[in-house]
Amino acid sequence: MEFRLSQSPAVKPFMEVLSGRRQPVPPAWMMRQAGRYLPEYRELRATAGSFLDLCFNPEWAAEVTLQPIRRFGFDAAIIFSDILVIPHALGRSVRFEVGEGPRLEPLDTPEKIATLATAANFTKLEPVYEALRRVRAELDPKIALIGFCGAPWTVATYMVAGQGTPDQGPARMFAYREPDAFTKIIDVLVENSIEYLLGQLSAGADALQIFDTWAGILPPREFQRWSVEPTRRIVEGVRAKAPHAKIIGFPRGAGAQLPLYVGRTGVDGVSIDWAAEPSLIRERVQSHVAVQGNLDPLALIAGGTALDRAVDDALANYADGRYIFNLGHGIQPETPIAHVEQMLKRVREYKG
Ligand code: CP3
């Protein structure tokens, strides 16, 4: 019989940082790293039918998740899916119009909200779990796999308005006028997001990210009620069953409220946008949790010395502490691939 030494599990630099251990070269990945700036994504996308067909085909979703890993060797892969799969599993109609973004049937009266299902149909999300298992099986053990969901506030903004809007006015107005009905949407999203995130952990995700893209549009009182508190409940609910789960929050635009967000929610890391103020982040956020971010995606499109300067600034601001290099929001489709390579080369040459 062949004798084999049992191998110690590979160290994942991304997970090390989330566990409080700074890495000499910061691990790096990009929000929206699988997507339209990649020719191999556009090619598969063209044959896949609708965007949700792509998300719910485990073979394709796994392939698209791995595309940016093969090309750039990022330190983390994020499962290819969308935050709006939860409304879909709750039985709401969700479509993605090419060039226009998501379209849902608006949930904008207390009467409609009274009919909202309380439990999602998780068999609809089984393909996401299967895609995670497939990616896990293929992924280099040093690379982390990230599962995710939208924060209840951000998902609710799309459910109420039925689409993205410049200022999320419909959801903000609805939350003021019908707080009880709006609370029901938030509560349903909290409970189902906990279950969805736990399912992603069981399927092989190493860490979780909660995307609150529209957190920063709320006044402080509403920010605490609709962004911080539901996120705190999700973190608590996930940890009740998975005590060691590592969770990153992304309350985009939260600015000076980031210390409060971190203190109250209990996240292990926070993703920051490019407008964040470095000394506030270092002194009142990074001193407690890992920081991820925050290159301006437009600097990545611009390239050249503007990109070099932006990368150097991010490293100078945050790489002395527990830090994951990322963008301040998703990469945009017109971004040249050569600029992503330039950015990564500079991050990996960092000597700190
Ligand atoms: O990061 C990744 O590579 C993983 C995949 C991922 C997608 N969406 C794929 C996607 C993730 C993590 C998301 C999160 C998401 N989805 C958020 C939060 C993060 C953020 O970017 O603010 C939000 C608000 C959504 C909702 C959503 N999905 C919108 C508003 C749109 C349209 C805008 C656009 O970029 O087209 C989508 C569609 C979408 N989700 C695409 C991708 C790759 C583009 C659709 C396509 O390729 O046809």
Query raised in the report: Considering only protein heavy atoms and a 1.4 Å probe, what is the carbon-and-sulfur percentage of the accessible area of the chain?
Result: 51
Query raised in the report: Given R₀ = 35 Å, FRET efficiency for THR47-LYS345 by Cβ-Cβ distance, to 0.05?
Result: 0.60
Report task. Per residue, how big is the convex hull around the C-alpha atoms of the range 243-334? Give it to me in cubic angstrom, could you? Result -> 90
Requested in this report: Pop the C-beta distance of ALA256 and TYR176 into the FRET formula with R0 = 30 Å and round what comes out to the nearest 0.05.
Outcome: 0.85
Report task. Grab the Cα-Cα distance for PHE96 and ALA306, subtract it from 0.36 nm times how many residues apart they are, and report the gain in nm with one decimal. Result -> 72.2 nm
Query - the range 75-98 residues near the modelled LYS142 label - backbone nitrogen below 16 Å, point 7 Å along Cα→Cβ - result: 75-77
Query raised in the report: Over all distinct alpha-carbon pairs, what is the Kirkwood Rh of the chain in angstrom?
Result: 20.6
Query raised in the report: What value, in deg cm²/dmol to 500, does the helix sum -39500 (n - 2.57) over DSSP H runs of n ≥ 4 give at 222 nm once divided by the residues of the chain?
Result: -13000 deg cm²/dmol
Query raised in the report: Using a cut-off of 18 Å between alpha-carbon atoms, which aspartates and glutamates can reach LYS112, once sequence neighbours fewer than 8 places away in the same chain are excluded?
Result: GLU178, ASP180, ASP187
Query raised in the report: How many angstrom lie between the C-alpha centres of the range 9-49 and the range 191-213?
Result: 16
**Report entry** Area of GLU178 that stays accessible when all protein chains are in place (1.4 Å probe, Å², to 10)
**Finding:** 70
Report summary line: Listed by chain and number, the lysines with an alpha carbon less than 18 angstrom from that of LYS12, same-chain partners under 8 positions apart left out, are LYS142, LYS246
Report task. Collect residues whose amide H, placed 1.01 Å from N in the peptide plane, falls under 5 Å from the amide H of LYS246; neighbours closer than 5 in sequence don't count. Result -> LEU208
Query - Solvent-accessible heavy-atom area per residue, rounded to whole Å², over the chain at 1.4 Å - result: 43
Query raised in the report: Can you give the extra length, in nm with one decimal, that the chain gains between THR165 and HIS244 once fully stretched, where that is 0.36 nm per residue apart less the Cα-Cα distance?
Result: 24.8 nm
Requested in this report: Collect residues whose amide H, placed 1.01 Å from N in the peptide plane, falls under 5 Å from the amide H of SER271; neighbours closer than 5 in sequence don't count.
Outcome: GLY249, PHE250, GLN292
Query - the chain: most fluctuating residue of PRO106, PRO26, PRO297 per GNM, C-alpha cutoff 10 Å - result: PRO106
**Report entry** the range 151-251: equivalent-ellipsoid semi-axes (sqrt of 5 x gyration tensor eigenvalues, Cα, Å)
**Finding:** 25, 13, 12
Query raised in the report: How much accessible surface area, in Å² rounded to 10, belongs to the heavy atoms of SER93 with a 1.4 Å probe?
Result: 50
Report summary line: In whole angstrom, the spacing between the Cα centers of the range 82-112 and the range 135-180 equals 11
Report summary line: Stretched fully, the stretch from ALA338 through SER202 gains (0.36 nm per residue minus C-alpha distance, one decimal, in nm) 45.3 nm
Query - With all protein chains modelled, accessible area of SER287 [1.4 Å, Å²] - result: 60
Report task. Mind scanning LYS241/LYS351; LYS241/LYS345; LYS124/LYS345; LYS124/LYS241 and naming the pairs with a C-alpha gap bigger than 28 Å? Result -> LYS241/LYS351; LYS241/LYS345; LYS124/LYS345
Query raised in the report: Radius of gyration and Dmax for the range 204-261's Cα atoms, expressed in Å?
Result: 11.9, 37
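The values are calculated or read from the model by the stated rules, or taken from the named source; none is laboratory data. Computed from a prediction, not measured in an experiment: that's the story for all the values here. As a convention, Cβ positions derive from the backbone with ideal geometry for all residues, glycine included, and neighbour counts pool all protein chains shown. With ligands, DNA and RNA removed, areas are computed over all heavy atoms of the protein, side chains included. Shrake-Rupley method; radii C 1.70, N 1.55, O 1.52, S 1.80 Å.
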